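K.L.:
Just passing along the structure, written as structure tokens.
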């Protein structure tokens, strides 16, 4: 039996109705399915997955991406995009997976989708900027890399640090190039 002091220290999480339904295997309501069918709810909302639960799944995908298990990471992020197609981060991370897999067209599509939902997503800006540079479109690439820096001037995100390094490299290369 917990004494009063121990009980007060224990954190109690209050679950929403949707979370309880998900954990107990309760099927979505007819109303939830109708909202899904008419575009008023995402798949995640219809089955009762919270934002926190989706981001816990995304963390697994991130670990897989960083450990080189690209196909598994792609499956997780593709599922997250299907569950919540309006989340900029899920599209961005799926783009990063495609980039690492060498599928530059799909990577570009996902970075573009990410930026439609959050134009200030520095990871997507840097990723798309790198893709533009890889495609030979320096003007658009530099614009995206600069936008990433403008949205994260302190360089808190690794993607912004990468964008700054690329811009400096491009500037140095341009200064060292002989004029014709």
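The values are calculated or read from the model by the stated rules, or taken from the named source; none is laboratory data. Quick caveat, the model's predicted, so the values are computed rather than measured. Note that each Cβ is placed from the backbone with ideal geometry, even for glycine, and that neighbours are counted across all protein chains shown.
K.L.:
Could we say that residue 98 is surrounded by 21 or more Cβ atoms within 10 Å (Cβ to Cβ), modelled with pLDDT of 95 or more, over 12 Å from the mean Cα position of the chain (by Cα) and outside the structural domain of residue 145 (by TED's automatic domain parsing) here? It would help to see each step written out before you state the result.
P.N.:
Working: surrounded by 21 or more Cβ atoms within 10 Å (Cβ to Cβ): yes; modelled with pLDDT of 95 or more: yes; over 12 Å from the mean Cα position of the chain (by Cα): yes; outside the structural domain of residue 145 (by TED's automatic domain parsing): yes.
When the stated conditions are applied, residue 98 passes them.
K.L.:
Could we say that residue 106 is surrounded by fewer than 16 Cβ atoms within 10 Å (Cβ to Cβ) and either closer than 20 Å to residue 147 by Cβ or not assigned by TED's automatic domain parsing to the domain that holds residue 160 (or both) here?
P.N.:
No: the conditions fail for residue 106.
K.L.:
What about residue 128, is it under 17 Å from the mean Cα position of the chain (by Cα) and either assigned by TED's automatic domain parsing to the domain that holds residue 50 or not in a helix (DSSP H, G or I) (or both)?
P.N.:
Against the criterion (under 17 Å from the mean Cα position of the chain (by Cα) and either assigned by TED's automatic domain parsing to the domain that holds residue 50 or not in a helix (DSSP H, G or I) (or both)), residue 128 does not qualify.
K.L.:
Further, regarding this structure: Are there helices (runs of 4 or more DSSP H) fully within the range 15-87 with at least 3 residues that are at pLDDT below 65? List them. Before you say what the answer is, go through the steps one by one.
P.N.:
Numbers: elements: 17-24, 30-37, 43-47, 51-66, 70-83.
Once the helices (runs of 4 or more DSSP H) in the range 15-87 are filtered for at least 3 residues that are at pLDDT below 65, what remains is 17-24, 30-37.
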